[in-house]
Amino acid sequence: MPKRDLPGVGWREWVSLPQLGIDHIKAKVDTGARTSALHAFSVKPYRERGSLHVRFAVHPMQKRQKPVAECFAEVSDFRWVSDSGGHREQRFVIVTPVRVGGFEWPIEMTLTHRDTMQFRMLLGRTALKGRFVVHPGSSYLIGRPPEPT
């Protein structure tokens, strides 16, 4: 699809991770990151029906310790990842659907501790490729979550 026909996203967007039970999380759209990353803590691997799974918790709201989302996912891979500071760590990789506006598709996501980072999620270039054009000077082109009632 030619780039002119792709919808646009800003450098930050609200997204949902429906399979993980996360209705809204602010993601930094990061074309410098190949794989998407999610803030996760209390990460515990376990076996279920012969497959490796992982249980973990997420603080979906920036700068807040509550709410806490308890998540479960099958592990699809382990990957060595270098962060922006050049530190390498081996991370669990999961595949989970992401919803951006009216679009939903499965993405690979690494799990890492991002509690001190401004964004609890990075939406990497592999997840964006062929789906969106990134407008780095704009934010929330897809929209904002509804206000809590």
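The values are calculated or read from the model by the stated rules, or taken from the named source; none is laboratory data. All values derive from a computational prediction rather than experimental measurement. Every residue, glycine among them, receives a Cβ derived from its backbone with ideal geometry; neighbour counts consider all protein chains shown.
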Can you tell me how many residues in the stretch 31-53 are charged (D, E, K, R) and assigned to a strand (DSSP E or B)? 3
Output for the stretch 11-57, where each listed residue is free of Cβ contacts under 8 Å to residues at least 60 places away in the same chain, among the aromatic types (Phe, Trp, Tyr) and surrounded by 15 or more Cβ atoms within 10 Å (Cβ to Cβ): Phe56
Checking the condition in a strand (DSSP E or B), touching a strand residue (DSSP E or B) at 6+ places or on another chain (Cβ under 9 Å), of a type outside the set (Gly, Ala, Ser) and over 24 Å from Val134 (Cα atoms), which residue from Arg91, Arg99 passes? Arg91
When the stretch 101-118 is examined, which residues are found to be under 18 Å from His24 (Cβ atoms) and without any contact (Cβ under 8 Å) to a residue 12 or more places away in the chain? Gly102
Could you tell me how many of the residues in the stretch 54-87 are of a type outside the set (S, T, N, Q), part of a strand (DSSP E or B) and modelled with pLDDT under 90? 1
Can you say whether Trp80 is closer than 17 Å to Val29 by Cα, without any contact (Cβ under 8 Å) to a residue 40 or more places away in the chain and out of contact with any His (no Cβ under 7 Å at 6 or more places or on another chain), as far as the supplied structure shows? no
Can you confirm whether Leu123 is more than 22 Å from His53 (Cβ to Cβ) and not small (Gly, Ala, Ser)? yes
